[in-house]
């Protein structure tokens with residue numbers, strides 16, 4: 001599988017209990033000047049990513065980056081975010097350089113409240129920073145028996161099809177829909193070939209990645225397996241035109257339109273590096289159809305997918321969110337695996353910021 005390249009080898013992993021990791025991450029956030037409430041929320045987003053096996057968006061890759069950006073002032077610990085435009089079913093938020101993993105959940109709560117009244121709630125966010133695992137924000141709608149959607153345009157980093165210079169971001173799309181007895185449907189995927197954090201993770205782990213994910217410095221797709229070069233460019237989903245990269249490219253543009261242009265934020269190539277726009281939507285199922293009937297049909301739909309006879313060489317067919325649900329059960333029980341290098345970083349940063357360490 002393509003994703004195997006981005007997994008931590010058991011020999012390099014140290015499993016950390018969830019609560020110990022939560023405590024340390026929260027304390028580190030507070031040491032950066034965040035309120036306790038925001039520290040708890042930001043921690044939950046990162047830990048939820050790790051619990052679901054989305055290590056690329058968990059503490060390993062993101063926390064150190066966030067701390068650096070709080071230290072250098074490119075991100076505000078206490079932003080004065082506010083609604084700058086509003087209608088019964090919509091709102092636009094100026095994030096005031098606030099971290100997306102903290103503001104996006106609040107925006108989704110606004111969308112949920114609007115959906116309770118109007119059937120749908122849509123919130124765009126401008127002038128933000130990294131949103132973390134997009135699925136986290138989409139999944140907030142599940143406990144309200146709603147469908148959640150989250151998209152984010154994190155700035156220039158991905159080539160357009162046939163392009164030699166990046167013009168779009170990884171621009172992920174996440175959708176979460178509740179079921180009755182089955183795990184919820186949770187789709188979360190970049191419109192680039194893979195999330196850039198996964199490429200960085202593979203580079204840090206010094207492992208080979210499959211061909212078709214990145215291009216060389218000139219924009220020519222690298223179609224053979226190999227280790228990540230120092231100078232590379234990210235391809236859209238599909239890799240090449242012959243393999244459907246125009247689809248990933250087009251979807252990335254859709255995300256840019258809804259996140260950036262709709263929030264009056266220009267588009268990726270116009271903005272400074274690090275400036276990120278977001279978009280969340282909550283759909284009130286009861287406004288469209290009977291909730292119980294929807295959930296029962298979702299169960300049938302998901303069962304139909306996972307009971308599909310597997311092709312030769314494969315054990316099973318899975319639906320989006322199924323593996324992550326399994327992984328969460330495992331990691332809550334046995335701990336979250338962190339690379340040894342990450343453990344060393346935690347030791348160093350905790351000493352530097354006078355925070356109690358993991359162990």
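In whole Å, largest first, what are the principal axis extents of the Cα atoms in segment 297-336?
The Cα atoms of segment 297-336 stretch 33, 30, 12 Å along their principal axes.
How much length, in nm to one decimal, is gained on full extension between residue 327 and residue 269, taken as 0.36 nm per residue of separation minus their Cα-Cα distance?
17.2 nm
State whether segment 207-359 is rounded, prolate or oblate according to the following rule on the C-alpha gyration tensor (a ≥ b ≥ c being the square roots of its eigenvalues): a/c under 1.5 gives rounded; otherwise a/b larger than b/c gives prolate, and the remaining case gives oblate.
Because its axes are fairly even, with a/c under 1.5, segment 207-359 counts as rounded.
For the chain, what does the helix formula give at 222 nm: sum of -39500 (n - 2.57) over DSSP H segments with n ≥ 4, over the residue count, nearest 500 deg cm²/dmol?
Taking each H run of at least 4 residues, the total per residue is -12000 deg cm²/dmol.
Run the simple label-point estimate for residue 347 and residue 288 please: 7 Å along Cα→C-beta, distance reported in nm.
The modelled label-to-label distance comes out at 5.1 nm.
Using the eigenvalues of the Cα gyration tensor, what equivalent ellipsoid semi-axes result for segment 144-259 when each is taken as the square root of five times the eigenvalue, whole Å, largest first?
Equivalent-ellipsoid dimensions as semi-axes: 27, 17, 12 Å.
Given 0.36 nm per residue, what is the gain on full extension from residue 65 to residue 85 after removing their alpha carbon distance, in nm?
Result for the pair: 4.1 nm of gain on full extension.
Once R0 is set to 35 Å, what does the formula 1/(1 + (r/R0)^6) return for the Cβ-Cβ distance between residue 257 and residue 200, expressed as a FRET efficiency to the nearest 0.05?
Computed FRET efficiency for residue 257 and residue 200 comes out at 0.85.
So how far, in whole Å, is the C-alpha centre of segment 247-297 from the one of segment 147-214?
14 Å
Across bins of 5 angstrom width beginning at 0, how are the C-alpha pair distances of segment 1-118 distributed, in whole percent?
Spelled out bin by bin, segment 1-118 gives 2, 10, 18, 19, 16, 14, 11, 7, 3, 1, 0 percent.
Which three numbers, in whole Å and largest first, are the semi-axes of the equivalent ellipsoid of the chain derived from its Cα gyration tensor as √(5λ)?
Ellipsoid semi-axes (Å, largest first): 27, 26, 24.
Where Rh denotes the Kirkwood radius from the mean inverse Cα pair distance, what is Rg over Rh for segment 37-187?
Over the Cα atoms of segment 37-187, Rg/Rh equals 0.98.
With the cut-off at 1.5 for a/c, could you classify segment 264-318 from its C-alpha gyration tensor as rounded, prolate or oblate?
The shape class here is oblate.
Computed from the coordinates by the stated procedures, all read-outs in this text should not be read as laboratory data. As the structure is a computational prediction, the values presented were derived from the model and not from experiment. No Cβ is skipped: glycine too gets one built from the backbone with ideal geometry, and neighbour counts run over all protein chains shown.
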